[in-house]
């Protein structure tokens with residue numbers, strides 16, 4: 001149950017692109033065609049699924065305060081968490097290189113479709129962001145870290161797939177010249193993000209304990225959702 | 001301006017408008033949007049990026065002849081990561097509250113495409129002084145957009161600027177609120193950052209037609 005909840009939460013509610021703007025650079029640059037978008041999206045899922053659990057292990061057994069206790073009781077006071085940026089990014093860069101070499105050796109066809117995107121991924125904010133959020137949200141177990149990695153990868157994949165499809169279609173519409181290309185992509189992404197906000201209450205329904213705790217919050221949220229709905233309707237009417 | 005030749009001055013001026021890293025080169029958007037709900041956070045973020053990009057460009061430019069091209073990405077990442085750790089620790093020591101608001105986005109300066117992009121495009125082929133100017137120019141161009149977005153989002157979203165209530169008090173109904181003005185809480189939510197940047201791009205391209213894309 002925990003796994004399913006985290007899985008859907010990381011796809012829809014905490015969607016990397018729409019809720020936290022991670023990986024926006026490649027999201028905007030590689031979304032002109034659906035086929036390339038699918039390639040990059042698949043590569044992101046794959047790399048997130050590898051690096052998030054790996055960085056979870058690093059965090060748990062080396063970086064966290066008191067994590068070095070397995071070396072002996074005298075190490076219990078060490079806190080290496082200030083090193084986490086450098087360790088995470090080094091892991092990601094080497095893993096990407098390693099994955100590239102392995103895929104090239106064992107599956108040339110996969111390499112041909114994914115390969116060109118792999119170097120792009122080492123500097124994709126979504127990958128480092130996945131590891132950093134994993135650390136700051138204190139995900140408790142290795143399995144959950146894997147679920148989180150795969151889930152947020154799929155969320156990113158969905159986002160880039162959707163925007164690529166929209167951009168292919170929008171070529172046939174009369175967009176104001178100054179908005180063409182980048183401008184309209186930003187605004188569409190904004191509207192999609194508003195749409196994704198409606199998933200916000202998806203997981204709180206039916207869970208009695210949580211509801212009691214956050215009744216006030218839920219009410220505020222409800223009002224916000226109402227406001228949003230109005231905005232969306234207003235926006236739709238202006239579009240039409 | 002004896003210090004800067006014309007060519008050097010262009011390095012600083014170009015990224016501000018016609019070659020802006022965010023609106024034209026499409027770099028560094030990842031961290032730019034998430035933290036602009038408050039003006040203060042945007043200013044601190046711009047300063048951090050200026051520090052990292054200015055110094056990083058100099059370091060990479062000094063090492064450009066000894067970095068083997070095959071592993072240059074890893075070398076660049078390590079240089080940025082070191083500088084970002086410095087920024088993170090300084091923020092934690094002197095502005096703890098703010099570093100909580102920025103949360104993981106300080107760390108994400110590492111993968112801010114603007115930094116890798118400038119290393120690759122400029123610092124690997126130019127001397128330290130020119131690289132430094134390029135770094136400063138680009139981070140100022142980045143900061144300008146961040147501050148514009150932060151200004152409008154904080155003003156319209158919570159009616160404050162840098163925490164000062166410039167539009168009056170919403171609870172005691174003073175200032176603009178006395179005549180029925182309401183804050184638009186929607187401006188504080190993340191989708192509006194995208195739309196505000198979209199509008200900035202729209203205005204910029206209407207003014208300068210040569211920037212308009214085909215599709």
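Structure above, values below:
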{"quantity": "Alpha-carbon gyration tensor eigenvalues x 5, square-rooted, for the range A:56-156, Å", "calculated": "30, 15, 12"}
{"quantity": "Order of B:151, A:133 under a 10 Å beta carbon neighbour criterion, fewest first", "calculated": "B:151, A:133"}
{"quantity": "When the convex hull of its Cα atoms is projected in every direction, mean area for the range A:2-200 (nm²)", "calculated": "13.0 nm²"}
{"quantity": "At 0.890 mPa s and 25 °C, Stokes D of the range A:117-173 from Kirkwood alpha-carbon radius, µm² per second", "calculated": "187 µm²/s"}
{"quantity": "On Cα atoms only, tilt of B:72-94 relative to the major axis of chain B in degrees", "calculated": "40 degrees"}
{"quantity": "Semi-axis lengths (Å, descending) of the ellipsoid that matches the C-alpha gyration tensor of the range B:1-137", "calculated": "25, 19, 14"}
{"quantity": "The protein assembly as shown - Rg over Rh from alpha carbon coordinates, Kirkwood radius", "calculated": "0.96"}
{"quantity": "A:46, A:21 arranged by Cβ crowding within 10 Å, fewest neighbours leading", "calculated": "A:46, A:21"}
{"quantity": "Whole-angstrom Cα spans of the range A:4-81 along principal axes, big to small", "calculated": "56, 24, 19"}
{"quantity": "A:101, A:11, A:188 arranged by Cβ crowding within 10 Å, fewest neighbours leading", "calculated": "A:101, A:188, A:11"}
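All of the numbers you see were taken from the coordinates with simple rules; none came from a lab. All figures in this text were calculated on a predicted structure; none of them were measured in a lab. Backbone-built Cβ (ideal geometry, glycine too); neighbour counts: all protein chains shown.
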